[in-house]
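Structure first, then comments.
The values are calculated or read from the model by the stated rules, or taken from the named source; none is laboratory data. All values derive from a computational prediction rather than experimental measurement. All Cβ positions, even for glycine, are placed from backbone atoms using ideal geometry, and neighbour counts span all protein chains on display. Accessible surface is based on the protein model in full, side chains and every heavy atom, while ligands, DNA and RNA are left aside. Shrake-Rupley method; radii C 1.70, N 1.55, O 1.52, S 1.80 Å.
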Amino acid sequence: QQQNVTLFGHSLGCRVIHSTLQSLSTDNKKIIENCFLLGGAVESDEISWRHPVNSVINEIYNFYSDNDDILKFLYKIGNIIVSKNAEMSPIGLNPIRNINRIENFDVSDIVKGHMEYKEKFKLMLKNI
């Protein structure tokens, strides 16, 4: 009997989840019930989320904060080094737009920094 799972990821953990969902989408198996992304260090562009969302039975919840100075600075630096592009926008600072079954939550009023997501998680859940 198959057990469905819920995934939780913070920062680079969201990048791992994105990669996992991308791989699962090619198998046409849905074993991920819900997915919670907190301050994600992965791209927010529509194209990169079109297939991963198909691996999830219910919803992907993206929590982002404009107060995340670590993502504002280090994500940009990392992308300049890796891809020579400083214009990329992570899901930890932005919504993932135009994809059904992805719910975005601006938690800037609750999360004042990159390391606050875990301690404020219960409070963030009350908002959904």
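Residue by residue, here is whether (1) of a type in the set (S, T, N, Q); (2) in contact with a Gly (Cβ under 8 Å, 6 or more places away or on another chain); (3) under 18 Å from residue 107 (Cα atoms) holds:
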site	(1), (2), (3)
5	no, no, no
26	yes, no, no
29	no, no, no
32	no, no, no
39	no, yes, yes
52	no, no, no
58	yes, no, no
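Hey, could you check region 1-31 for residues that are assigned to a loop (DSSP other than H, G, I, E, B) and over 16 Å from residue 49 (Cα atoms) and say which is least open to solvent (accessible area, probe 1.4 Å)?
First pass over region 1-31, keeping only residues assigned to a loop (DSSP other than H, G, I, E, B): 1-4, 11, 28-31.
Now restrict to residues that are over 16 Å from residue 49 (Cα atoms): 1-4, 11, 29, 31.
Numbers: 1: 209, 2: 113, 3: 135, 4: 66, 11: 23, 29: 125, 31: 53 Å².
My answer is 11.
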Only listed residue being open to solvent by 10 Å² or more (accessible area, probe 1.4 Å) and either modelled with pLDDT of 95 or more or of a type outside the set (Lys, Arg) (or both), chosen from 44, 55: 44
Single match in 34, 62 (criterion: surrounded by 20 or more Cβ atoms within 10 Å (Cβ to Cβ) and part of a strand (DSSP E or B)): 62
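Results for (1) of a type in the set (A, V, I, L, M); (2) in contact (Cβ under 8 Å) with a residue 12 or more places away in the chain, shown as yes or no for each residue.
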| residue | (1), (2) |
| --- | --- |
| 38 | yes, yes |
| 62 | no, yes |
| 66 | no, yes |
| 122 | no, no |
| 127 | no, yes |
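When region 14-43 is examined, which residues are found to be of a type in the set (A, V, I, L, M, F, W, C), under 18 Å from residue 58 (Cβ atoms) and within 12 Å of the chain's Cα centre (by Cα)?
Of all residues in region 14-43, those of a type in the set (A, V, I, L, M, F, W, C) come to 14, 16-17, 21, 24, 31-32, 35-38, 41-42.
Among the residues that remain, those that are also under 18 Å from residue 58 (Cβ atoms) are: 14, 17, 21, 24, 31-32, 35-38.
Passing the criteria: 14, 17, 21, 35, 36, 37, 38.
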